[in-house]
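Written below as structure tokens is the structure these notes are about.
The values are calculated or read from the model by the stated rules, or taken from the named source; none is laboratory data. Just so it is clear, the model here is predicted, and its values are computed rather than measured. Note that we place each Cβ from the backbone using ideal geometry, even for glycine, and neighbour counts take in every protein chain shown. Heads up: the accessible areas ignore ligands, DNA and RNA and are worked out on the full protein's heavy atoms, side chains in. Shrake-Rupley method; radii C 1.70, N 1.55, O 1.52, S 1.80 Å.
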Amino acid sequence: MEGKEMSTLTKASIDCAHFIDGKYLQSASRETFANINPATEENLGSVALGGQEEINQAVQAARLALKGEWGKMPLKERSQTIRKIGDIILERKEELATLETLDTGKPLWLSKKVDIDRAANNFHFFADYMTSIGTEAFQQDDVAIHYAIRRPVGVIGLINPWNLPLFLMTWKLAPALAAGNTVVMKPSEVTPMTATILVEICKQAGVPDGVVNLVHGMGETGAALTSHPDVDAIAFTGETITGSTIMQAAAPTLKKLSFELGGKNPNIIFADADLDEVIETTIRSSFINQGEVCLCGSRIYVERPIYDEFVNRFVEKTKTLKVGDPFDDSTFVGALVSKEHYEKVLNYLDIAQQEGGRFEIGGSKTEGLDKGYFINPTIITGLGKDSRCVREEIFGPVVTVIPFNTEEEVLAQVNDTHYGLSASLWTTNIKRATRVSAQIEAGIVWVNTWFLRDLRTPFGGMKHSGIGREGGIHSFDFYSELTNITLKM
Ligand SMILES: NC(=O)c1ccc[n+]([C@@H]2O[C@H](COP(=O)([O-])OP(=O)(O)OC[C@H]3O[C@@H](n4cnc5c(N)ncnc54)[C@H](O)[C@@H]3O)[C@@H](O)[C@H]2O)c1
Ligand SMILES: N/C(=C\C=C\C=O)C(=O)O
């Protein structure tokens, strides 16, 4: 395999190559696809289109690396290497944030403040955590000692979406490496650039060749990974329907699966909530990252006594949000990630009108921006619990607001969904907080806050929002295998 060891990514020519066995390279077919800037519709550069051949090469390199230097590396050295990745990410923060904003259309301040900082923190957290975990041992009288040891699962496929590209790829890569695995990464075809730099950073940090591999491509490229007989596990983040497809593809080779899927998350506001705090946080949980966060609270339920006041104040605050150039520090809502996704969200606005919804604000694309995929933050009222905009994931700057009278009524509506990812609950009554949060069918419930994260906690969804949990020991439960050893005394 010919190839270069340093990135081909520069400000001038942002071309994304695969990275296999420590070298950047193009596809054997030389096929590429265009990478479009969603804020300007300009072509950012070409991306190598990987196929079965590139996946085979990457899996082979990962398999060989398992038993090489990486497999023999002492824990402390592996921890230092993983920490170094986080350090270099912070050193290259400006570059990475610029590329992330060019790829996704999100505001630059958000790329810096959330995406890149959290990517570095993913490595720093697991570099520490991996040195502090133990396993379990049991003494069976004077008969035997039983103890468990952890070993890597093996070669893991990491397949990720476009909304938080580096944040989410590193959320998987850091623990996969901490547990001693090797990986083949398949980033979203829509946001290839930061992953292309990440692999170079891994090399700079001392990760041996073949441990971290990257193949760009579409769903079909991902499919080649999920059906590959020499891939031991898949960690996937993306649409629920894609998860179902991957489960079928992985079945014949019985791969271990970790799924973080779609959501349609409720934001429940009781009359005794602190409305100043509610409004401040609900603006973020509704519209940050253009509403393209799996955890966004897109179904807002408000107890009737404060419904009118909430809607009025929420609309007034939303009016202050600037939509436009992601590189302008005053922009809050940037461009949606692609033409395809922009049209999907606009279609939901049409559906909302057909279903009798009322646009309290927004409801259309942003005028005055002749290029780019911009939609105004939209608040819809008047929709019934069975409307598509209340039941289906829109994944844009669009929320519905629905009044309720009792806990029983709102819990019935909140749980009436195939999803079960996250929820927010606002009340100053501690008994109500504990009572209601325990009845919400979701993997994550935030009380009087949103998206407040501690990486030691279990993260993931139930029902059609995911399979498994990651974070803290839960990541090691997925990214390692336990062997119980019995020593007869
Ligand atoms: N639960 C979470 O933590 C979480 C986090 C972020 C995004 N998401 C979800 O991701 C979705 C948006 O991301 P998206 O549009 O990129 O999702 P997607 O499912 O369309 O694509 C995700 C990734 O899967 C790949 N892929 C597509 N078809 C495949 C196949 N058949 N086999 C293997 N790989 C395949 C894509 O190329 C991409 O890299 C939303 O539903 C959102 O809720 C969930
Ligand atoms: N996986 C995580 C966030 C997911 C966000 C989805 O868009 C996390 O915070 O660990």
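When only DSSP loop residues count, what trypsin sites (Lys or Arg not before Pro) in region 36-100 have their Cβ near at most 12 other Cβ atoms within 10 Å?
Those that pass, being in a loop and sparsely packed, are Lys67.
Roughly what would the spin-label model give for Asn448 and Ile145, points 7 Å off Cα along C-beta, in nm?
The two pseudo-label positions are separated by 4.8 nm.
Based on C-alpha coordinates, I'd like the Rg and Dmax of region 117-189, in Å.
Considering region 117-189 through its Cα atoms, Rg and Dmax are 16.7, 59 Å.
Just the accessible area for Leu349, please: 1.4 Å probe, Å², rounded to the nearest 10?
10 Å²
What is the ratio of the Cα radius of gyration of region 213-276 to 2.2 N^0.38 Å, where N is its residue count, to two decimals?
That works out to 1.65 for region 213-276.
For Asn267, which sequence-distant residues (separation of 5 or more, or a different chain) have an amide H within less than 5 Å of its own amide H, given hydrogens modelled in the peptide plane?
It is Arg299, Ile300, Tyr301, Ser424, by chain and number.
Using modelled backbone amide H atoms (1.01 Å from N, in-plane), which distant-in-sequence or interchain residues come within less than 5 Å of Leu214's amide H?
Answer set, sorted by chain and number: Phe19, Ile20, Met185.
Give the average over all directions of the projected area of the C-alpha convex hull of region 1-132, one decimal, in nm².
Directional mean of the projected Cα hull area for region 1-132 stands at 9.4 nm².
Output the pairs from Lys84/Lys256; Lys106/Lys339; Lys172/Lys365; Lys23/Lys256; Lys264/Lys385; Lys84/Lys255 with a Cα-Cα distance over 24 Å in this structure; if there are none, say none.
Lys84/Lys256; Lys172/Lys365; Lys23/Lys256; Lys84/Lys255
Give the relative contact order (percent, whole number) for the chain; include only Cα pairs under 8 Å separated by 6+ residues.
Result for the chain is 18 percent.
Work out from phi, with θ = phi - 60° and the Karplus expression 6.51 cos²θ - 1.76 cosθ + 1.60, the ³J(HN,Hα) of each residue of region 192-201, listed in order in whole Hz, and give x for Gly and Pro.
Running phi through 6.51 cos²θ - 1.76 cosθ + 1.60 with θ = phi - 60° gives x, 6, 5, 5, 5, 7, 4, 5, 5, 5 Hz.
Over 23 Å, how big is the tail of the calculated P(r) for region 226-347, in percent of all Cα pairs?
Within region 226-347, distances greater than 23 Å cover 50 percent of Cα pairs.
At what distance in angstrom do the alpha carbon centres of region 355-375 and region 17-78 lie from each other?
Cα centres, region 355-375 to region 17-78: 38 Å.
Would you mind giving the average projected area, over all directions, of the Cα convex hull of the chain in nm² with one decimal?
Result: 24.4 nm².
Which order do the peptides 203-216, 228-241 take when ranked by the mean count of other beta-carbon atoms within 10 Å per residue, highest first?
With the highest mean Cβ count within 10 Å placed first, the list reads 203-216, 228-241.
Sort largest first and round to whole Å: the equivalent ellipsoid semi-axes of region 263-311, each the square root of five times a Cα gyration tensor eigenvalue.
Ellipsoid half-lengths, sorted descending, are 20, 11, 8 Å.
Between region 152-168 and region 175-225, how far is it from one alpha carbon centroid to the other, in angstrom?
Each part's Cα centre sits 8 Å from the other's.
If you take the beta carbon distance between Leu254 and Glu280 as r and set R0 to 60 Å, what does 1/(1 + (r/R0)^6) give as a FRET efficiency, to the nearest 0.05?
0.80
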